[in-house]
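Asker: Below is a structure I'd like to ask you about.
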């Protein structure tokens, strides 16, 4: 097991020190072992060099649903090719605006890594340590694929719940969480928990589902339609599907898919990119992701800015596609009492300085992100 990983692991309950025991294997590769927290009197298993910090995942209702949903999601809908697909490189950089130079020589956490597609991208940028962290069986797919296609990369793998991350405060230079905190009971609180892992001058990058539509004040009636859609369509569908088996959820969405495709109009939000909105495989992957999971939330730009500001991020970059992607840096050299917001889009960059005590809801974008 990576020595640097051992130094930053902590009990997810009390954040106490963990004592390592190796039952089978070596320190470099632990086949079977454990990490014990004396204050909590809890023990966490290590199997195939992966520490497991969520032993109650099969008992806790919400966590159990998330683990089963995404384990099935990765097992059934994503093969090895989806991990090593070169398109992931563009998606990573376009959305999070994190460069290879940012990652080189840094300690990085991929929080909610899934099957490791972005961990695989970052593993090529020579990080000092890159930790792939997830609740589901996607973690084992990530480990297998990265070991096969990029052996020797500075990788470590940890299983656990991102709402209770098993790491010491300020352990990482960079934390990313792409499309994951939006699937937790309280996304704002989860962001705060992950932000606590970012050290001084470090950065965090996230992607969350955007609340649609984002209309100006003269289009209130369209915003009302969005709220009605969420209340009377999206939430009831999620309540039903989160209690169905994964395959049954797939079949449940089959007629919805064909109706939307016939009218060329998406209403449940599973259609995809403009160049190929009705790609069938992607549609049903999205349906499972958005509706089978117990928790899914949508957010507005102003709300996300508030999360960053209240956690000490004074400089932020808005990603391109997909919205809503944002990366923030702690303790930037901005003027006292101001919020420096760097917005990246096709026309270039814009910096907006706003008093920190101004309501973030008053912030607006001039120009549209690509």
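What follows is calculated from the coordinates using simple rules that are stated; it is not laboratory data. What you are looking at is a predicted structure, and each value in this text was computed from that prediction instead of being measured. Every residue, glycine as well, gets a Cβ built from its backbone with ideal geometry; the counts of neighbours run over all protein chains shown.
Asker: Can you put 270, 54, 40 in order of Cβ neighbours within 10 angstrom, beginning with the fewest?
Answerer: 40, 54, 270
Asker: Sticking with this structure for a sec: For a quick check: sort 28, 173 by the number of other beta carbons within 10 angstrom, fewest at the front.
Answerer: 28, 173
Asker: Now, a different point. Please report 227, 157, 257 as a ranked list, fewest other C-beta atoms within 10 angstrom at the top and most at the bottom.
Answerer: On the way: 227 10, 157 26, 257 19.
Listed from fewest to most nearby Cβ atoms, that is 227, 257, 157.
Asker: Give me the three principal axis extents of the stretch 137-211 from the C-alpha atoms, as integers in angstrom, largest value leading.
Answerer: Result, largest extent first: 36, 29, 21 Å.
Asker: Could you check the simple spin-label distance between residue 144 and residue 80, using points 7 Å along Cα→Cβ, in nm with one decimal?
Answerer: 0.8 nm
Asker: I've got another one for you. How large are Rg and Dmax for the stretch 232-334 when calculated on the C-alpha trace, in angstrom?
Answerer: Taking only Cα atoms of the stretch 232-334, I get Rg and Dmax of 17.4, 54 Å.
Asker: Distance in nm between label sites at residue 26 and residue 4, each 7 Å beyond Cα in the beta-carbon direction?
Answerer: Computed distance between label sites residue 26 and residue 4 equals 2.1 nm.
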